[in-house]
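Just so you know, all these numbers are worked out from the coordinates, no wet-lab data involved. Remember, it's a predicted structure, so these values are computed and weren't measured experimentally. With ideal geometry, Cβ positions are generated from the backbone for all residues, glycine too; neighbour counts draw on all protein chains shown.
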Ligand code: NAD
C-alpha cells in the first residue's frame with residue numbers, strides 16, 4: 001500500500017474577507033489533522049467577533065458595489081466561470097477535500113468535486129430562467145390593475161456548513177445565494193477548512209468582486225458560528241448540520257427575525273420488499289449505509305426487510321460489508337475511508353458499545369479495524385451491522401452518523417409504514433420493490449422530504465431537497481432555492 005505522508009510544512013488556512021486572505025487579529029489558530037493518520041495538515045485561523053464583523057461589513061458593501069449593479073446574465077456568466085475554474089483546478093480541490101475528510105479519491109473525483117462545480121452551473125441557469133407571476137385585478141372603475149412580482153436579493157446570507165461533503169454542501173448554498181444576487185459569509189466546519197479556502201482563490205481568479213464571497217474559519221458555539229448567527233446585519237442563515245445545532249441557531253437569530261433554511265439530521269429508513277431486485281437492493285443499500293463511512297445525512301441507519309428474504313439479505317449485506325477495504329484514499333482499491341475526527345470516532349464507538357449493552361446481535365464489525373503503519377493512528381471504525389434490537393433501542397432511534405445499521409424484519413405494508421414513520425426525523429427513505437403501485441402508496445405515506453424508489457442518492461439538482469419534522473425547515477434545489485434566497489416584491493399598478 002502506498003501511503004503519502006503529510007507535508008512537512010503544514011498549511012495555513014486563512015480567512016477570506018473582502019477578496020483578501022487574512023489571519024485573525026488575535027493571531028489564534030487551531031490544528032487541522034488528517035483523518036487517515038492523525039497527521040497535522042495545517043493551522044487554521046480562528047475567527048472571532050472581529051472577523052465576522054469585517055466579513056459582514058464587506059458583504060454588505062459588496063451589495064451596493066458592482067455586484068449589486070450586475071444584471072442576472074452578467075452574474076450567471078461569472079458563476080459559470082467559477083464552475084469552470086473549479087474544474088480547471090480539479091486536482092487541487094480533490095487533494096484538499098481528500099486531506100480534510102480522508103475519503104477515497106474515486107468518490108471525490110466522480111461525485112463530490114464535480115457536483116460542487118455543477119452547483120454553480122445549475123443555479124446560474126435557474127436564476128436566469130425563472131419566471132415571475134402576474135395578475136390582472138378588476139377594479140370598480142373598470143380600468144383594472146396589474147400586479148406583478150419581482151425578485152430581489154435577500155441581502156447578506158450567513159452560510160454554516162458541516163464537514164461530511166464540504167465543497168458539495170457549501171456550494172449547494174453559496175451558488176444559489178450568489179446567483180440571486182446576494183453576498184455570503186461562510187463559516188465552514190472546523191473539521192474541513194480546505195475547499196472553502198480554495199474557493200476564495202477561484203473567486204478572485206474569475207473576477208467575482210471583493211466582498212461577495214467571504215469565509216471566516218472557527219468553531220460553532222461562542223465562536224465564529226454563533227457570532228454570525230446573531231449578527232444584526234445578516235439577513236438570513238442557511239445551515240446544514242445537526243438538529244440540535246439548528247435549534248441553537250434559530251434562537252440566536254430570533255432577535256433579528258432572521259429567515260432560516262435548515263438541512264438537519266436524519267434517521268433514515270430503508271425498506272426492502274421480498275419482490276425487489278435483490279442484487280440492486282443490496283448494491284443500493286451498501287452505498288446508503290457505508291458511503292462516506294456512513295457520514296451522509298441521507299444515509300440509511302434503519303433497515304426493514306420483508307421476512308421471506310430477511311436472512312438472505314442480512315447474510316448478503318454482511319458479506320459485502322466485510323469486503324469493504326479501508327485504506328489510503330489515494331489507493332484505487334480503497335473502498336472505505338475513516339471517520340472525520342477522533343471525537344466522531346468516540347461517538348460512533350459509544351453507539352457500538354450501547355448496541356452490545358442493549359442486546360444486539362452483532363452480525364459484523366463492532367470495533368476498530370487494524371491498519372498498517374501510520375494509518376493505525378487514523379480515525380477508523382469497522383462497518384457494523386446489528387439485528388435483534390427493539391425499536392426503542394438507542395442505535396435504532398438516534399442518529400449515529402457512522403458506517404452502521406440495524407436490520408429488522410417486517411411482515412406487511414402497514415407495519416413498515418408505521419415503523420418508518422416512528423421517528424422525530426423525516427429526511428429521506430429508500431424503498432426497494434418491483435411493485436410500483438405499492439411504491440407510490442408508500443411514497444405518499446412516509447413522512448420525509450425525499451423518497452427514493454429502487455435507488456438511493458440519485459439527485460437531480462432541480463428537485464426540492466430538504467427534510468420534514470426535525471430534519472429541516474424549507475426546501476432548496478432548483479427554483480425552490482430562489483424562494484429562500486430572494487425576497488418577492490409585489491408591484492401593483494392601477495391602470
Ligand atoms: P454540527 O451541527 O455539529 O456543525 C455544523 C456546523 O455548525 C459547523 O460549521 C459548526 O461549527 C457550526 N456550529 C456548531 N454549533 C454552532 C452554533 N452554536 N452556532 C453557529 N454555528 C454552530 O454538524 P456536523 O457534525 O458538522 O455535521 C453532521 C450533521 O449534519 C449530522 O447531523 C447530519 O445529519 C447533518 N447533515 C444534514 C444534511 C442535510 O442535508 N439534511 C447534510 C449533511 C449533514
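Quick notes
- Some residue of the range 287-304 being more than 19 Å from residue 398 (Cα to Cα) and touching a strand residue (DSSP E or B) at 6+ places or on another chain (Cβ under 8 Å): no
Every residue, every condition in (1) over 21 Å from residue 87 (Cα atoms); (2) part of a loop (DSSP other than H, G, I, E, B); (3) more than 8 Å from the ligand (Cβ to nearest atom), yes or no:
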site	(1), (2), (3)
136	yes, no, yes
142	yes, yes, yes
169	no, no, no
175	no, no, yes
195	no, no, yes
232	yes, yes, yes
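- Those strands (runs of 3 or more DSSP E) of the range 1-106 in which 3 or more residues are free of Cβ contacts under 8 Å to residues at least 60 places away in the same chain occupy 40-45.
- Qualifying residue in the range 449-460 (condition: crowded, with 20+ Cβ neighbours inside 10 Å, farther than 17 Å from residue 297 by Cα, touching a helix residue (DSSP H, G or I) at 6+ places or on another chain (Cβ under 9 Å) and in contact (Cβ under 8 Å) with a residue 12 or more places away in the chain): no
- Answer residue from the range 234-248, given it is touching a helix residue (DSSP H, G or I) at 6+ places or on another chain (Cβ under 6 Å) and near the ligand (Cβ under 7 Å from one of its atoms) and is nearest to residue 428 (Cα to Cα) among those: 240
- Members of the range 198-226 that are within 16 Å of the ligand (Cβ to nearest atom), surrounded by 24 or more Cβ atoms within 10 Å (Cβ to Cβ) and either assigned to a helix (DSSP H, G or I) or over 18 Å from the mean Cα position of the chain (by Cα) (or both): 199, 214, 216, 218, 224, 225
- Single unsatisfied condition, residue 435 versus (1) more than 30 Å from residue 63 (Cβ to Cβ); (2) in contact (Cβ under 8 Å) with a residue 12 or more places away in the chain; (3) touching a strand residue (DSSP E or B) at 6+ places or on another chain (Cβ under 9 Å): (3)
- Per-region count, the range 249-273, residues crowded, with 16+ Cβ neighbours inside 10 Å and either more than 10 Å from the ligand (Cβ to nearest atom) or part of a helix (DSSP H, G or I) (or both): 13
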